[in-house]
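The values are calculated or read from the model by the stated rules, or taken from the named source; none is laboratory data. Here the structure is a predicted model, which is why all the values come from computation and not from measurement. Please note: Cβ atoms are built from the backbone with ideal geometry, for glycine as well, and neighbour counts cover all protein chains shown.
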Amino acid sequence: MNAKTLVAGIGIVVMTTPALCAQFFIVHDAATGRCAISEQPPARGGGTVVGDGAYGDRASAEADMKTFAICTSQTTESAPRR
C-alpha cells in the first residue's frame, strides 16, 4: 500500500513541477514599440526585458506591464502631408 502511495505522490510532483517553474518576461520590441509577455527571455537583439525580470505568473506580468510608460504609450509616426 505504501508503494502505491509513493508512486502516486511522485507522479503528482512530476506533473506539477513544470507549472511551478514557469517564468514570464515583459519584452519591449524597439522595432514595433510594443511590449509582449513571453515565457522565454528575449534572444540577443530580439528585444529588451522590462520590469523586474522574471515573473512567477502571467497575471502579475500583465498587471505590471500596464504600469510601464514604455508599454502603454503607443507612439506612431504620422505620414507627411502633401
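Structural remarks
- Residue tally, condition at positive phi and either surrounded by 14 or more Cβ atoms within 10 Å (Cβ to Cβ) or in contact with a Pro (Cβ under 9 Å, 6 or more places away or on another chain) (or both), over the stretch 27-70: 4
- Subset of the stretch 21-41 that is within 14 Å of the chain's Cα centre (by Cα) and at pLDDT below 85 - its residue that is farthest from Thr72 (Cα to Cα): Cys21
- In the stretch 39-63, the residues that are among the acidic types (Asp, Glu) and closer than 10 Å to Phe24 by Cβ: Glu39, Asp57, Glu62
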